[in-house]
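These notes concern the structure reproduced below.
The values are calculated or read from the model by the stated rules, or taken from the named source; none is laboratory data. As the structure is a prediction and not an experimental result, all values here were calculated from the model. Neighbour counts are summed over all protein chains in view; Cβ atoms, including those assigned to glycine, are modelled from backbone coordinates with ideal geometry. Accessible surface is based on the protein model in full, side chains and every heavy atom, while ligands, DNA and RNA are left aside. Shrake-Rupley method; radii C 1.70, N 1.55, O 1.52, S 1.80 Å.
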Amino acid sequence: MTKVIFIRHGQTEWNVTGRYQGQSDVQLTAEGRRQAEQLAADFPVDTVDAVYASDLQRAMDTAETIAQKFGLSVQAEPAFREVSFGKWEGLTYQQIVAEWEEGMTNFFQHPDILEIPGGETFPAVQKRATDKLQELVKKHDGQTIVVVAHGAVLRTMLTAALHMPLQYLWSIRQFNTAVNIVRYDEGANATVELLNSTAHLGNSVQRGII
């Protein structure tokens, strides 16, 4: 049995301004760093054996704050990067709708068939992320690991754990520094124990886009 603590990164400036980040390497805000510190101070488990993170800086910085608490280093995993938004990166919802109205409709209603111009598909993101996750689950049998990533890629792994069609990935919320806990048995069968918890933030939840 492997316990995986999935964490979304802290707040970024583009979360504040409503811009789609994707694989753009946007930094944490001061608030985002504070969120990571609050999470580390009130972490949901007492023992962690390894910390992995998307190699994008906002995820790495969040992960490093957590890893320091347990005397660990962060292992960067590009497979946990956010979905590439291609031509949409850096744009707001309103800007995307103005040029790609049908695409944005599919983004929320049919992400399973969406084709982002110059970007990735959600099935491809789910495959790269879950393939790597399965490797880590086998590697860390009997241990607890942390995976720090991003709103959309986390949803693809959580929908897989919940046996949900990828079409419904937006039914799962992921706030900044949200905590999700999933146990995987030897056959990689998942039991979800916690979703989107921000108890460590008290009432100061920051609802960054995706």
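Which is part of a loop (DSSP other than H, G, I, E, B), within 22 Å of LEU194 (Cα to Cα) and not basic (Lys, Arg), of THR47, THR65?
Values: THR65 fails: part of a loop (DSSP other than H, G, I, E, B).
Exactly one of THR47, THR65 is part of a loop (DSSP other than H, G, I, E, B), within 22 Å of LEU194 (Cα to Cα) and not basic (Lys, Arg), namely THR47.
Taking the range 4-30, which residues are crowded, with 21+ Cβ neighbours inside 10 Å, of a type in the set (S, T, N, Q) and in contact with a Leu (Cβ under 9 Å, 6 or more places away or on another chain)? GLN11, THR12, GLN21, listed by residue number. For the range 68-93, name all the residues that are more than 24 Å from PHE122 (Cα to Cα) and not in a strand (DSSP E or B). Answer for the range 68-93, where residues must be more than 24 Å from PHE122 (Cα to Cα) and not in a strand (DSSP E or B): GLN68, LYS69, PHE70, GLY71, LEU72, SER73. Among the residues of the range 2-44, those identified as outside any strand (DSSP E or B) and touching a Phe, Trp or Tyr at 6+ places or on another chain (Cβ under 7 Å) are GLY18, TYR20, GLN21, GLY22, VAL26.
Sub-7 Å Cβ pairs linking a first residue in the range 132-154 that is among the charged types (D, E, K, R) to a second residue that is surrounded by 24 or more Cβ atoms within 10 Å (Cβ to Cβ) and in a helix (DSSP H, G or I), at least 6 apart or interchain, are LYS132/PHE80, ordered by first then second residue. The condition (being under 24 Å from THR130 (Cα atoms), at pLDDT 95 or above and among the aliphatic types (A, V, I, L, M)) is satisfied by just one residue among ALA40, ALA30, ALA76, ALA36: ALA76. Just checking, which of VAL83, VAL26, VAL16, VAL97 is under 26 Å from ALA188 (Cβ atoms) and among the β-branched types (Val, Ile, Thr)? Just one listed residue meets the conditions, VAL83.
Looking at the structure I just gave you, is ILE96 open to solvent by less than 30 Å² (accessible area, probe 1.4 Å), in a helix (DSSP H, G or I) and under 21 Å from THR17 (Cα atoms)? The answer is yes for ILE96.
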